[in-house]
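Undergrad: One structure follows; several queries about it will come next.
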Amino acid sequence: MVEHAGAAVAHAQVRVDLAAIRGNVAELRARAGSAQVMAVVKADGYGHGLVQAARAAQAGGATWLGTAVLTEALALRAAGVGGRLMAWLCAPGERWTDALAADVDVSASATWAVDEIAAAARETGRVARLHLKVDTGLGRSGATQADWPALVDHALKAQAEGVLEVVGLWSHFAIADAPYHPVNTAQIEAFQSAVALAEARGARPEVRHLANSAATLMLPHTHFDLVRAGLAVYGLSPVPDLAAPPDVGLRQAMSVHARLALTKRVPAGSGVSYGHFYVTDKETTLGLVPLGYADGVPRHGSGGDGGPGAPVLVGGKVRRVAGRVCMDQFVVDLGDDDVRAGDDVVLFGDGVGGEPTAQDWAQACRTISYEIVTRFAPRLPRVYTGAEEDRA
Ligand SMILES: *Cc1c(COP(=O)(O)O)cnc(C)c1O
């Protein structure tokens, strides 16, 4: 559901500041120097909205968009989003002809993928734009260095036939969030060798790309021709131990808001929420927040169950989740403050108003901010502010 700012405030909503996304991409562009910026908009634009995030990123200067699965790339094209677009996570029997018809760049980590893509190109009469992926140490997708020469030769043979063009050579970091880790150096060297080997065999790639957000910010010598930035586009820090978003010129785009559904006075010794893992230590006011794990609020943010509970801003103060996060709701302990049903609750935002950030939630839930922002459910309305057309 998409609402516009100013529409009746729902009991809970995710707000996305598109101006922050534009500004973040402009910052990444400046940092990327001569390299182009691919804004990664997989997973519904990291929960911010696929098409809205893509358009804002393009307005900020991203010349490429990237998705994991092909359906996301096809959804972008169906919405009329142009520009270079790459989808990299494919399985045998992928809808390759749809990819080629929609002008989506594709990737191969194995010769079977090259064969399927070449077959789709013959069928459609379109020349596929192919990126070859080498595994330089993540141990996820990509050809092993042992299999790389055969993959390159296989693709170049299909290129000679005219059915595809090897436009990209690429890989992905395992530990760029620890920029000084020796594995990064090993991966960079492995990537350079893989590129040199492919070029020696005749590849003439348009783009060589390796850097994610962390490497874009912290490892400038890994920018090559294109950086693939995801998390930083949304104003979150991929290196939270080293830099908060403002330290690297970024601003968090997402904030999550609710209105208290109910407040009530309860005596000392009252058990709160399932399992009674939180028990009031004095007479107090409890506030009910109409958001739960089915909305994407992690149950790991529960309080009183071995942890302090994730932070929320209510009535000008940061409070903690009291007791278990339920499917649709959770409770906060408001003490003796004059807070009432209908008052605003901010789970997290950019922090400027004193509210917690997505990173604060990640820390409280012992996870990463990526997981916090990507999990909000479709039933929560997304409200967009800062659209370009709103600018006076
Ligand atoms: C998700 C992803 C990215 C973006 O990673 P961030 O850490 O969010 O910048 C880049 N490349 C690939 C292959 C990815 O899967």
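The values are calculated or read from the model by the stated rules, or taken from the named source; none is laboratory data. Fair warning: this is a prediction, and the values are worked out from it, not measured in the lab. As a convention, Cβ positions derive from the backbone with ideal geometry for all residues, glycine included, and neighbour counts pool all protein chains shown.
Undergrad: Would you mention how many residues in region 153-201 are over 22 Å from residue 225 (Cβ atoms) and of a type in the set (Gly, Ala, Ser)?
TA: Going through region 153-201 one residue at a time, the tally reaches 4.
Undergrad: Of the residues that sit in region 90-106 and are farther than 19 Å from residue 166 by Cβ and of a type outside the set (S, T, N, Q), which one is nearest to the ligand (Cβ to nearest atom)?
TA: 91
Undergrad: Then there is this: Looking only at region 71-95, filter to residues that are surrounded by fewer than 18 Cβ atoms within 10 Å (Cβ to Cβ) and basic (Lys, Arg); which one of those is nearest to residue 51 (Cα to Cα)?
TA: Here the residue is 77.
Undergrad: On to the next question. Looking at this structure, is residue 227 within 16 Å of the ligand (Cβ to nearest atom) and of a type in the set (Val, Ile, Thr)?
TA: yes
Undergrad: Given (1) within 16 Å of the ligand (Cβ to nearest atom); (2) in the same structural domain as residue 227 (by TED's automatic domain parsing); (3) of a type outside the set (S, T, N, Q); (4) under 23 Å from residue 389 (Cα atoms), identify the lone condition not met by residue 77.
TA: The failed condition is (1).
Undergrad: Something else now. State the number of residues belonging to region 55-70 that are of a type in the set (Val, Ile, Thr) and more than 16 Å from the ligand (Cβ to nearest atom).
TA: The total comes to 0.
Undergrad: May I ask you to say which residue of 151, 242, 217, 236 is over 20 Å from residue 33 (Cα atoms), within 12 Å of the ligand (Cβ to nearest atom) and at pLDDT 95 or above?
TA: 236
Undergrad: Taking region 20-54, which residues are among the polar types (S, T, N, Q) and within 16 Å of the ligand (Cβ to nearest atom)?
TA: The answer is 24, 36.
Undergrad: Considering (1) at pLDDT below 95; (2) in contact with a Pro (Cβ under 9 Å, 6 or more places away or on another chain), say which one residue 307 fails and leave the rest.
TA: (2)
Undergrad: Between a residue in region 76-96 that is farther than 17 Å from residue 118 by Cβ and any residue that is acidic (Asp, Glu) and within 14 Å of the ligand (Cβ to nearest atom), which pairs come within a Cβ distance under 6 Å, given they are 6 or more apart or on different chains?
TA: Pairs found: 86/105.
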